[in-house]
Ligand SMILES: [Zn+2]
């Protein structure tokens, strides 16, 4: 049986309030943290784990769902503090998480920079600078779509491209639980597509949601917005209907 333990953290960044939902998946043999916040979030994450009686040093694996900085920015700091942790991401994400290939998010920001209104340019410059300065970690292994985690066979890897091309979600059939990461967000109690300005392929994102709709779901955890337990299919259908012409 996999225990699914959300580890929400709240903080202020760039004068904005943020709340992120990393998740710990726990069995008798492994403790897997899914995504790990920004580099500056390390003390918050440690405190949030300890509050739930999980020793940070007991985290055996970290899974990065995609290489956005709010998901993998904290990887270097974590690995520096807890070098025994094993890091996994989708096989195709490895060059991006390793930093050997330029972040697709940074490339997107650079490509759109000239067209930005002047007022947004300082923000975009800081966004790009933060990506350039990012300290990275080379993952220990790559995950394959539609396979189970090698270190936790109760959990399936689901391809949910769109927000980023190699984005993954994690599905636990036994408890009908989905760790959606950024394939979905929850806003005002409803599912939505994570900030469409950051979706690299909207059509793929909608198809991924249709794929999610085909799963048996009793609990969905989103990295932005938290959890949904009831009305899951109604909310998914509403969203699919909203984007049916994409
Ligand atoms: Zn993201």
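Every number in this text was worked out from the coordinates using simple rules, so none of it is lab data. Keep in mind that this is a model prediction, so the values were computed, not measured. Note that we place each Cβ from the backbone using ideal geometry, even for glycine, and neighbour counts take in every protein chain shown.
According to the square roots a ≥ b ≥ c of the eigenvalues of the Cα gyration tensor, what is the shape class of segment 1-50, taking rounded for a/c under 1.5, prolate for a/b larger than b/c otherwise, and oblate for the remainder? In terms of gyration-tensor shape, prolate.
Can you list the residues of segment 61-92 with backbone N under 12 Å from a point 7 Å past the Cα of residue 16, pointing along Cα to Cβ? Flagged as within label range: 70. Ordering 36, 222 by the number of other Cβ atoms within 10 Å of each residue's own Cβ, fewest first, gives 222, 36. Computed on the chain, with alpha-carbon pairs under 8 angstrom and 6+ residues apart, the relative contact order is 15 percent. Taking only the C-alpha atoms of segment 122-178, Rg followed by Dmax gives 15.9, 47 Å. Antiparallel beta bridges, as assigned by DSSP with both residues in segment 1-135, represent about 65 percent of the total such bridges. Shown for 224, 167, 229: other C-beta atoms within 10 Å of each C-beta, ranked fewest to most, produce the order 229, 224, 167. So what does log10 I(q)/I(0) come out to for the chain at q = 0.12 Å⁻¹, using the Debye formula with one equal point on every Cα and no solvent? Treating every Cα as an identical point scatterer, log10 I(q)/I(0) equals -0.66. With contacts taken as Cα pairs under 8 Å at a separation of at least 6 residues, segment 154-246 carries a relative contact order of 29 percent.
Residue exposure proxy: 32, 138, ordered by other Cβ atoms within 10 angstrom of their Cβ from fewest to most, comes out as 138, 32.
Let me know the shape class of segment 138-246, please: from the alpha-carbon gyration tensor, a ≥ b ≥ c as square roots of the eigenvalues, rounded when a/c is under 1.5, otherwise prolate if a/b is greater than b/c, or oblate.
oblate
For the chain, modelled as a Gaussian network with Cα springs under 10 Å, which listed residue fluctuates most, 21, 82, 38? Among 21, 82, 38, the largest GNM mean-square fluctuation belongs to 82. Among beta bridges identified by DSSP and lying wholly in the chain, the antiparallel ones come to about 65 percent.
Could you grab the Rg to Rh ratio for segment 27-87? Cα atoms only, Kirkwood for Rh.
Ratio value, two decimals: 0.93.
With q set to 0.09, 0.13, 0.18, 0.21 Å⁻¹, the log10 of I(q)/I(0) for segment 62-198, from the Debye formula over equal scatterers at the Cα positions, is -0.30, -0.62, -1.09, -1.32. Each DSSP beta bridge with both residues in segment 125-246 is either parallel or antiparallel, and the antiparallel ones are about 80%.
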